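The structure appears right after this line, and notes come after that.
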Amino acid sequence: MSAPPNESTLHRKLEWIVPDLEQEATRLSLAEEEIELLRVLRSGTWGGYSEAVQEFEARFGSYLGGKHCITVANGTVSLEVALRCEGIGPGDEVIVPPYTFMATASAVLQTGALPVFADIERGTLNLSPYALEAAITSRTRAVIPVHFGGHAADMDRILDIARNRSLIVIEDAAHAHGGEHNGNPLGSLGEWGSFSFQQSKIMTSGEGGCLITGDRTRAEKARAYCNQGRIEGGAWYDHHTLGTNLRLTGFQAAVLLPQLERLHSETLCRERNAALLRDAIQTMNGLEPLHPEPYCTRHAGALFLFRFNSSRPRFDKARFEAALKAEGVPVMETYPRPLYRNPIFDSSPFRDTGCPEAEKACSEIVTLPFRLLNGSPARIDHTIAAMEKVLSHTERDF
Ligand SMILES: *Cc1c(COP(=O)(O)O)cnc(C)c1O
């Protein structure tokens, strides 16, 4: 029996939202998630004290090179906890890039400290070490480099500057699960690394996050803060320091465990597909790929980013994106403005922060999701063909 036509049309449409091959892979892998979820369900311990949580923390910490891993409710509070553990608050400044998700700056605001925006590099879209250095004042306490899209920030230079100026480095590794800088896992290089497991990230439990640190005292502080000031081995109603409840649940850890097992092979797949896309885009008029720096020895591939800088007057980025979408390419929404030009900063001195590279990125960068990079080479071919088609039409029509 054949499916009614409207259903098959719908199916074809859905294919691009959840590509068929990916769906197949997801179906296979979900079996493992299902097993882990049932294990937690039947254990009766569903909350933060679930064995699955301890297992995930141990495994993710060891994946990051034998670090302490503290799971938390999301990848925004993780940044906030790191800042609080350093005693950062009112009167302090924390340097952040303006081309990132709001969390990087809002976590700073939540502590009462001020986020200070320093521009990004054109080539990587990551915090520029020069801009960082220029933004340091006597009040600066920390810097939060973001490994944007999965490309390592220039950590050698950032760590150098931070050591010289006694700044704490908190890596925002929300896009960086599985990525590396000169062979070292992203999130393991600063005093703190912060990961997100929110729905849109490479590893997800719907919501969730974690903190990484190599320092035992820092780890204990963060753990106590996230667990109402309890300490390891302490009694349930013994509260030693001010804290709150930011615990990840057992169900969330359960679905993260199999994803961690798959992370390495999926990262390699994304790297291969990203290279195919870059090579093709390199040859296209009006498009410009972003090439990874040599220190980015493993790109996490959370986002595939490239520049649209066609000079045809009536053909702008929005039109290009819409045309690609119409061809079935899953183009993502991009940041419409640098963080400092968001309404929240309207009546503040941040409003006038000038970061020309961040401004340019907002008007030029096109973003494709990691799910596309997880797909087959055929899907990459289709994406390339769609770009070529759209560009060839504009040669004619614009
Ligand atoms: C997603 C994200 C976060 C944290 O997000 P949550 O949704 O709170 O987990 C932090 N920084 C960046 C750059 C992000 O993209």
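Computed from the coordinates by the stated procedures, all read-outs in this text should not be read as laboratory data. Every value quoted in this text rests on a predicted model; they were computed, and no experiment measured them. Neighbour counts run over all protein chains shown; Cβ positions are idealised from the backbone, glycine included.
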**Prompt:** If all Cα-Cα distances of the stretch 200-284 are sorted into 10 Å bins from 0 onward, what percent lands in each bin, rounded to whole numbers?
**Reply:** 14, 28, 27, 16, 10, 4, 1
**Request:** Treat each spin label as a single point 7 Å out from the Cα along the C-beta direction, and report the residue 165 to residue 49 distance in nm.
**Result:** 4.5 nm
**Request:** Rounded to whole Å and sorted largest first, list the principal axis extents of the Cα atoms in the stretch 45-122.
**Result:** 42, 31, 20
**Complete:** The summed charge of the residue 218 Cβ neighbourhood (under 13 Å; Lys/Arg +1, Asp/Glu -1) stands at +1
**Request:** Please work out the Cα center distance from the stretch 325-369 to the stretch 159-222, rounded to the nearest Å.
**Result:** 24 Å
**Request:** Using the Cα centre as the reference, give the magnitude of the dipole from point charges on the C-beta atoms of the chain (Lys, Arg: +1; Asp, Glu: -1; all else neutral), rounded to the nearest 20 debye.
**Result:** 340 debye
**Virtual paramagnetic centre 7 Å along Cα→Cβ of residue 102, amide N under 11 Å, in the stretch 337-371** = 342-345
**Item:** 25 °C / 0.890 mPa s Stokes-Einstein diffusion coefficient of the stretch 299-343, Kirkwood radius on C-alpha pairs, µm²/s
**Value:** 194 µm²/s
**Request:** Along Cα→Cβ, 7 Å out, is where each label goes; now give me the distance between the ones at residue 393 and residue 326 in nm to one decimal.
**Result:** 0.4 nm
**Item:** 18 Å tail of the calculated P(r), the stretch 329-375, as % of Cα pairs
**Value:** 44 percent
**Message:** Among 72, 52, 107, which residue has its Cα furthest toward the positive end of the charge dipole of the stretch 25-107, with +1 on Lys/Arg Cβ and -1 on Asp/Glu Cβ?
**Reply:** 52
**Asked** Full extension from residue 62 to residue 232: what is 0.36 nm times the residue separation minus their Cα-Cα distance, to one decimal in nm?
**Response** 59.2 nm
**Asked** Starting at 0 and stepping by 10 Å, how many percent of the alpha carbon pairs of the stretch 304-398 end up in each bin?
**Response** 14, 39, 28, 14, 4
**Message:** Restricting things to Cα coordinates, could you compute the convex hull volume per residue of the chain in Å³?
**Reply:** 160 Å³
**Request:** Select from 31, 280, 253 the residue whose mean-square fluctuation is largest in a Gaussian network model of the chain (Cα-Cα springs shorter than 10 Å).
**Result:** 31
**Complete:** The percentage of Cα-Cα pairs in the stretch 76-162 separated by more than 14 Å is 58 percent
**Message:** If you average 1/r across every pair of different Cα atoms in the stretch 223-271 and take the reciprocal, what Kirkwood value do you get, in Å?
**Reply:** 13.1 Å
**Item:** Sequence-distant aspartates and glutamates (8 or more away, or on other chains) whose Cα lies within less than 20 Å of residue 317
**Value:** 288, 327, 333, 357, 359, 364, 388, 395, 397
**Request:** Would you mind telling me which residue in 151, 239, 291 has the biggest mean-square fluctuation in a Gaussian network model of the chain, where springs connect alpha carbons within a distance under 10 angstrom?
**Result:** 239
**Request:** Mind checking the stretch 197-246 for chymotrypsin sites (Phe, Trp or Tyr not before Pro) that DSSP puts in a loop (not H, G, I, E or B) and that have at most 12 other Cβ atoms within 10 Å?
**Result:** 236, 237
**Request:** Starting from 0 in steps of 5 Å, tell me what percent of the Cα-Cα pairs of the stretch 185-343 lands in each bin.
**Result:** 1, 7, 10, 13, 15, 14, 12, 9, 6, 5, 3, 2, 1, 0
**Pairwise FRET efficiency - residue 291 versus residue 215, Cβ, R0 = 41 Å, nearest 0.05** = 0.75
